[in-house]
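Enquirer: After the structure tokens below, expect a handful of questions from me.
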Amino acid sequence: MDINMSKFQTILWDFDQTLIDFEKSERYAIIETLRFYGIEVNETMIQRYSEINAFFWRLLEAGKITRNEVFIERFHVMFEEFSIINVDPEAFNEHYLNEISSVYFYLDDSYALVEKLKGHFRQYIVTNGSLRTQTRKLELSGFAGLVERTFTSEELG
């Protein structure tokens, strides 16, 4: 099937796991945050956090909890499972959000592709990540300057 690309004028890019490797960023952020709090990190803990985090995001997408509940409850559950005491989940979350928004890893040649298409197509990024985290990551990665606009589910409700 031959697709005439001139018919397409707009591209919507999903940010995490399309342009940016969210899993690497998540891994980096949880390791650095746990270390900051003096908690010994192991692979089981990292993997389990990823599972817990994904579970809470699915609950949010289903409309069963709020974004704020995702941010705090994921750490309540993790702390309970790993017997982590004397760590405030809200403070932990703040540190985690700073870490995850400070690092990015391009997926394949995503940056080069978006850059190459700039001027030929209207490009937008859509994401369900937090506005605060994604805004910073978009700026640092350079994607903010390549697209017309970014839409976050948090911003749009």
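Every number in this text was worked out from the coordinates using simple rules, so none of it is lab data. This structure is a prediction, so every number in the text was calculated from the model and none was measured. Every residue, glycine as well, gets a Cβ built from its backbone with ideal geometry; the counts of neighbours run over all protein chains shown.
Enquirer: Determine the equivalent ellipsoid of segment 46-109 by diagonalising the alpha-carbon gyration tensor, then write out the semi-axes as square roots of 5 times the eigenvalues, largest first, rounded to whole Å.
Expert: 20, 17, 12
Enquirer: Just grab the label-to-label distance for Ala91 and Ile39, each label 7 Å out from Cα along the Cβ direction, in nm (one decimal).
Expert: With each label point 7 Å from Cα toward Cβ, the separation is 1.3 nm.
Enquirer: Candidates [x] 9.9; [y] 12.7; [z] 10.9; which is the computed mean projected area of the Cα convex hull in nm²?
Expert: [z]
Enquirer: Starting from the Cα-Cα distance between Ser102 and Leu131, subtract it from 0.36 nm times their residue separation and give me the gain in nm to one decimal.
Expert: Between Ser102 and Leu131, full extension yields an extra 9.1 nm.
Enquirer: Return the FRET efficiency for the residue pair Leu59, Leu156: r is the Cβ-Cβ distance, R0 is 25 Å, and the value is rounded to the nearest 0.05.
Expert: That gives a FRET efficiency of 0.85.
Enquirer: What is the packing order of peptides 39-48, 9-18, taking the mean over residues of other C-beta atoms within 10 Å and listing the highest first?
Expert: The densest-packed peptide leads the list: 9-18, 39-48.
Enquirer: Oh, and also: When the Cα centres of segment 5-76 and segment 99-119 are compared, how far apart do they sit, in Å?
Expert: 18
Enquirer: Hand me the tally of lysine pairs in the chain: alpha carbons under 20 angstrom apart, and the pair either on different chains or 8 or more positions apart.
Expert: Value for the chain: 4.
Enquirer: Val126's amide H: which non-local residues (gap 5+, or another chain) put their own amide H closer than 5 Å, with H modeled 1.01 Å from N in plane and none for Pro or chain starts?
Expert: Counting only residues 5 or more places away or on other chains, the set is Trp13, Asp14, Phe15, Phe151.
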